[in-house]
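Engineer: Have a look at this one.
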Amino acid sequence: MNSNKPDKTTAWRLSVVVAVLVAILAGIFLAAGFNITQNTSASNPSSAVMVPANFTDVAMAVSPAVVNIRTEKIIRGGGPVFRHFQSPFGKEDPFHDFFERFFGDIPRRDFKQRSLGSGFFIDKEGYIVTNNHLIENADKIKVKLKNGKEHDAEIVGRDVKTDIALIKIKSWRDFQAVKWGDSDALKVGEWVVAIGSPFGLEHTVTAGIVSAKGRVIGSGPYDDFIQTDASINPGNSGGPLINMKGEVIGINTAIVSRSGGNVGIGFAIPINLARGIIKQLKASGTVTRGWLGVSIQDLTPDLAEYYGVKDGKGALIGEVFEGDPADKAGIRPKDVVIEVDGDKIEDSRDLSQKIAEIRVGDKITIKAVRSGKELTFRVDIAKRTEDKESLALKQPMEETDLGMAVSTLTRELARRFNISETEGVVVVSVEQDGPADKADVQKGDLILEIDHKPIKTLDDYQSQIEKVKKDETISLLIKRRRGFLALNITK
């Protein structure tokens, strides 16, 4: 009987040691801000994963660098409502003199259009990153810090294509700046935090996970968004998306919502894409991108098989602009670009981003497939100075006193404006408040007829416009997207 006592004592002491060790380990996890949650894996129900117990440390570390941004834009010339009324009597309106006498002298009012959003300091000097759509054309920009102090801000530079802007406030104090993260290292399912001013509620902290990477939402040629279910609403635009290390890995930019509120689908610009743009904006106020001088499209499986691309990856050249870098290097339409400087090209978006990141004047090596054979080209990258509409300037363009400019339809314009026709005359710009604008003509409209006369070339367009005298009205039949419209314009 006595011989068993040491064994019981030893077992009791061992159980105490195990309990202490378990308590210590649990304390370590809790101190690190994590709990153990069971039964969260669909493939292995018994597996355990770590989830944050709270986001306090991340919020406290980054919040002082996040700001509220309010902008004000003056909309001029909002005159009497009567000017929008079209009388059924036309020019013979018997009430014309009456309205002109009593209402014609009413001054047109200016209206203030306000918007709100977020931003964050990138250094101690007062430079703030935000979204371009928030501050574009703003007459006043106010920045409110977490401590409640407000400052006027000025625009340093903007980049429309990526919706990134850099503004600056003037102050002698040192501002707390964010820490940069690595958005390329971000993994789907990773926890992230958003800080901003949704609906004007300043320094709101929300959390979620990375839902997907590399999302294309049709906002521009450099779409590469991080998708997150962290709650993002109007007012979060320009604010930071943060990883659990307290590093900024994205700029909150857009949401998908039918109601205007959060439904769990938000998008952020990856910080790795933004950093180079921010650096250029800070240095010169503008962004210079590399330019290859081609129009491109993705490879479908059928196209990949037809052109002899085994793995189905690459970007198909649709058009090569004469005199531009690709043309000088010998690249031709129907070539399939598969590599740039040894890096594999996944699709057309991948090629656009790689070329845009290359410095102007650099020489690059492009590998392409032509008729099933691989060819190598040396290309001198030029400066990209054109936007969607100005690509049309490579073709003859006509400007008239109708307040719009038109161009012969090219493959590039057809692709840009999603036009299925192969010939015709397309509207490439519309003057604000001009006759065409008042008649609701829009960029990308394809003009089919003028006064019931078919329009297929610029000569057709010019000959019809020349017949119209001042103050006369012409009828346009246009195609917009998939429908037809008849519009009347007074010259």
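Engineer: Filter the range 182-207 for residues that are surrounded by fewer than 19 Cβ atoms within 10 Å (Cβ to Cβ) and not in a loop (DSSP other than H, G, I, E, B) and give the result.
Structural biologist: Hits for the range 182-207 are ASP184, ALA185, TRP191, PHE199, GLY200.
Engineer: Also: Go through (1) part of a helix (DSSP H, G or I); (2) surrounded by 18 or more Cβ atoms within 10 Å (Cβ to Cβ) one by one and return the number of the condition VAL468 breaks.
Structural biologist: All conditions are met except number (1).
Engineer: Is it true that ASP182 is assigned by TED's automatic domain parsing to the domain that holds ILE277 and out of contact with any strand residue (DSSP E or B) (no Cβ under 9 Å at 6 or more places or on another chain)? If you could, list the steps in order and put the result at the bottom.
Structural biologist: Working: assigned by TED's automatic domain parsing to the domain that holds ILE277: yes; out of contact with any strand residue (DSSP E or B) (no Cβ under 9 Å at 6 or more places or on another chain): no.
No; evaluated as a whole, the condition is false for this residue.
Engineer: What are the pairs, 6+ residues apart or on separate chains, where a residue within the range 463-474 that is closer than 13 Å to ILE489 by Cβ has its Cβ under 9 Å from a residue that is among the hydroxyl-bearing types (Ser, Thr, Tyr)?
Structural biologist: ILE465/THR400; ASP471/THR490; GLU472/THR490; THR473/THR490; ILE474/THR490
Engineer: Looking at GLY330, GLY290, GLY323, can you tell me which residue is modelled with pLDDT under 90 and farther than 21 Å from ASP224 by Cα?
Structural biologist: Details: GLY330 fails: modelled with pLDDT under 90; GLY290 fails: farther than 21 Å from ASP224 by Cα.
From the options GLY330, GLY290, GLY323, the qualifying one is GLY323.
Engineer: To continue, here is another question. Does the range 419-455 hold any residues that are more than 13 Å from LEU476 (Cα to Cα) and basic (Lys, Arg), and which are they?
Structural biologist: Correct list: LYS438, LYS443.
Engineer: Oh, and also: Is it true that some residue in the range 345-355 is surrounded by 20 or more Cβ atoms within 10 Å (Cβ to Cβ), farther than 24 Å from THR300 by Cβ and modelled with pLDDT under 95?
Structural biologist: no
Engineer: Against the definition (surrounded by fewer than 17 Cβ atoms within 10 Å (Cβ to Cβ) and more than 27 Å from the chain's Cα centre (by Cα)), how does GLY361 come out, yes or no?
Structural biologist: Working: surrounded by fewer than 17 Cβ atoms within 10 Å (Cβ to Cβ): yes; more than 27 Å from the chain's Cα centre (by Cα): no.
No, not satisfied.
Engineer: Okay, next question. Here are some residues: ILE249, ILE277. Which one is among the β-branched types (Val, Ile, Thr), surrounded by 17 or more Cβ atoms within 10 Å (Cβ to Cβ) and modelled with pLDDT under 95? Show your work before the answer.
Structural biologist: Working: ILE249 fails: modelled with pLDDT under 95.
Exactly one of ILE249, ILE277 is among the β-branched types (Val, Ile, Thr), surrounded by 17 or more Cβ atoms within 10 Å (Cβ to Cβ) and modelled with pLDDT under 95, namely ILE277.
Engineer: I've got another one for you. It is to be established whether one or more residues within the range 170-178 are assigned to a strand (DSSP E or B) and either modelled with pLDDT of 95 or more or hydrophobic (A, V, I, L, M, F, W, C) (or both). Before the answer, list the steps.
Structural biologist: Looking only at the range 170-178, we keep the residues that are assigned to a strand (DSSP E or B), and these are none.
Checking the range 170-178: not a single residue is assigned to a strand (DSSP E or B) and either modelled with pLDDT of 95 or more or hydrophobic (A, V, I, L, M, F, W, C) (or both).
Engineer: Further, regarding this structure: Just to be sure, is ILE226 surrounded by 21 or more Cβ atoms within 10 Å (Cβ to Cβ) and touching a residue at least 60 places away in the same chain (Cβ under 8 Å)?
Structural biologist: Spelling it out, it is not the case that ILE226 is surrounded by 21 or more Cβ atoms within 10 Å (Cβ to Cβ) and touching a residue at least 60 places away in the same chain (Cβ under 8 Å).
Engineer: Another one. Residues that are outside the structural domain of LYS187 (by TED's automatic domain parsing) and of a type in the set (Phe, Trp, Tyr), at least 1 per element: which helices (runs of 4 or more DSSP H) completely within the range 224-333 meet that? Can you show your working first?
Structural biologist: On the way: elements: 271-284, 301-307, 325-329.
Helices (runs of 4 or more DSSP H) meeting the threshold: 301-307.
Engineer: Something else about it: List every residue pair whose Cβ atoms sit under 7 Å apart, with the two residues 6 or more apart in sequence or on different chains, where the first one lies in the range 165-191 and is at positive phi and the second, anywhere, is of a type in the set (A, V, I, L, M, F, W, C).
Structural biologist: Sorted first by the residue in the range 165-191, then by its partner, the pairs are GLY189/ILE209; GLY189/VAL210.
Engineer: Mind checking which residues of the range 231-245 are hydroxyl-bearing (Ser, Thr, Tyr) and within 18 Å of LEU273 (Cβ to Cβ)? Give the derivation first.
Structural biologist: So the first thing to find is which residues in the range 231-245 are hydroxyl-bearing (Ser, Thr, Tyr), and the list is 231, 237.
Within the range 231-245, just SER237 meets the criteria.
Engineer: Moving to a separate point now. With the requirement that a residue be exposed (fewer than 15 other Cβ atoms within 10 Å of the Cβ), closer than 20 Å to LEU116 by Cβ and without any contact (Cβ under 8 Å) to a residue 12 or more places away in the chain, what does the range 257-274 give you?
Structural biologist: SER259
The values are calculated or read from the model by the stated rules, or taken from the named source; none is laboratory data. As the structure is a computational prediction, the values presented were derived from the model and not from experiment. Methodologically, a virtual Cβ is constructed for each residue, glycine included, from the backbone with ideal geometry; neighbour enumeration extends over all protein chains shown.
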